[in-house]
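Down below is the structure, laid out as structure tokens.
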Amino acid sequence: MPATLPPLTALRAFDAAARHMSFARAAEELNVTPQALSLQIKSLEEHLGAPLFHRLNRAVELTEAGRALVPGARDGFTALTRGWAAARRATDPARLTVTAGPAFTAKWLAPRLPDFARAHPEIELSFSASLRRMDMATDGVDVAVRFSDHDEPGLYNGALIEEWVMPMMSPALARAHPTPDALAAAPLVHTESYPFGPDTLDWPRIFAAFGLAAPAKGGPRFSHADHAADAAASGTGVILGRWSLSHGELTSGALVAPYPLAVRLPHQYRLLCREGDETRPQVAAFLAWMEARITEMPRPGPAFEIVELKDLP
């Protein structure tokens with residue numbers, strides 16, 4: 001049995017057949033005929049000197065040797081895919097793919113993108129609004145903007161935006177409920193976007209911080225912070241709004257934060273990319289642009305008492 005590696009095409013045929021456990025489906029994936037795929041696997045078996053599959057009437061099964069080969073073949077082709085994707089990105093300085101959460105994309109990135117396009121017409125920017133954990137080697141993503149309380153190991157982590165949460169409402173609701181004491185009679189909007197591990201931020205904790213009894217249950221509930229902010233701007237009720245996501249509405253006056261309390265979260269937005277990619281021209285340009293836009297967002301002013309989340313009642 002030769003010690004040299006067999007042809008890559010034969011290993012690729014084996015990998016596809018082992019994943020599908022079907023020569024026909026593997027041949028369809030590789031865009032070859034089943035006969036051609038079968039010949040590739042047969043040549044691999046001859047190279048090994050042992051069968052890799054048991055051929056049954058309507059199916060195939062891996063032999064012991066086939067089962068031994070599966071992990072190495074799978075890992076090898078995964079590594080090749082990652083390397084090829086990295087090489088393609090390295091040779092395409094005009095393209096940048098960014099992923100960020102749906103709320104951050106809608107409320108922070110999208111309104112500012114025309115500015116980036118004017119500043120960098122040479123960069124073709126595409127977005128994937130998702131909270132899914134991305135593999136930057138295989139998912140075709142260059143940069144991820146994520147909200148967390150820790151660095152991601154093995155990646156470049158660039159801290160971007162600190163975050164505060166405070167009661168926000170439409171100006172009309174603020175006139176009707178001008179002080180924290182009036183919150184007890186205000187319509188409250190609930191979100192499911194603040195379960196920060198064991199330390200949850202919700203209306204009962206805000207009421208306790210103001211020295212109020214627990215709020216009545218009920219009220220509309222949203223799973224996304226941007227949807228809750230839109231509802232509050234329309235007058236639906238009072239939200240626990242994020243400073244970064246609601247900055248546009250606060251600047252335009254669609255939302256106001258009339259009460260002197262801002263809760264600083266231990267989480268912040270981070271820009272993530274593969275280590276070393278932060279110096280690639282398009283990634284460096286995007287990071288510099290974000291940092292410049294962030295400087296236009298001052299932190300809550302002296303009218304607010306800033307309280308750490310962990311220090312809330």
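Only the coordinates and a few stated rules stand behind these numbers; no lab work does. Keep in mind it's a predicted model, so treat the numbers as computed, not measured. Ideal geometry is used to build each Cβ from the backbone, glycine not excepted, and the neighbour counts take in all protein chains shown.
Applying the Karplus relation 6.51 cos²θ - 1.76 cosθ + 1.60 with θ = phi - 60° to the range 259-274 yields 3J(HN,Hα) values of 9, x, 9, 10, 9, 7, 8, x, 8, 8, 7, 10, 9, 10, 7, 5 Hz, where x marks Gly and Pro. Using the Cβ-Cβ distance between residue 148 and residue 212 with R0 set to 35 Å, the FRET efficiency works out to roughly 0.65.
I need the shape label for the range 261-313. Rule: rounded when a/c is under 1.5, else prolate if a/b > b/c, else oblate, with a, b, c from the alpha carbon gyration tensor. Intermediate values should be presented prior to the final figure.
Values: a/c = 7.00, a/b = 2.06, b/c = 3.39.
Note, shape of the range 261-313 comes out oblate.
Taking Cα centre as origin and charging only the Cβ of basic (Lys, Arg, +1) and acidic (Asp, Glu, -1) residues, the dipole magnitude of the range 8-90 rounds to 320 debye.
Its Cα centre serving as origin, the chain has a Cβ charge dipole (Lys and Arg +1, Asp and Glu -1) of approximately 600 debye.
Average projection, convex hull of the Cα set of the chain: 22.3 square nanometres.
Contact order for the chain, expressed relative to its length and based on alpha carbon pairs under 8 Å spaced 6+ residues apart, stands at 19 percent. Annotation: amide H of residue 244 within the under-5 Å range of 164, sequence separation 5 or more or interchain, hydrogens built in the peptide plane. The amide H of residue 95, built 1.01 Å from its N in the peptide plane, has 124 as neighbours under 5 Å, considering only residues 5 or more places off or on other chains. PRE reach from residue 112 (point 7 Å along Cα→Cβ): which of the range 285-309 fall under 12 Å by backbone N? Residues 286-298 fall inside that zone.
On the principal axes of its alpha-carbon atoms, the range 183-253 has extents of 32, 30, 20 Å, going from largest to smallest.
Given R₀ = 51 Å, what would the calculated FRET efficiency be for residue 295 paired with residue 75, taking r from the Cβ atoms and rounding to 0.05? Present the calculation step by step, with values, prior to reporting the outcome.
Values: r = 44 Å, r/R0 = 0.87.
The value I calculate is 0.70.
For the range 8-90, what ratio Rg/Rh do Cα atoms give with a Kirkwood hydrodynamic radius? Ratio of gyration radius to Kirkwood radius: 1.01. The amide H of residue 161, built 1.01 Å from its N in the peptide plane, has 269 as neighbours under 5 Å, considering only residues 5 or more places off or on other chains. If the elastic network links every pair of Cα atoms under 10 Å, which of 41, 123, 294 fluctuates the most in the Gaussian network model of the chain? Greatest mean-square fluctuation among the candidates belongs to 41.
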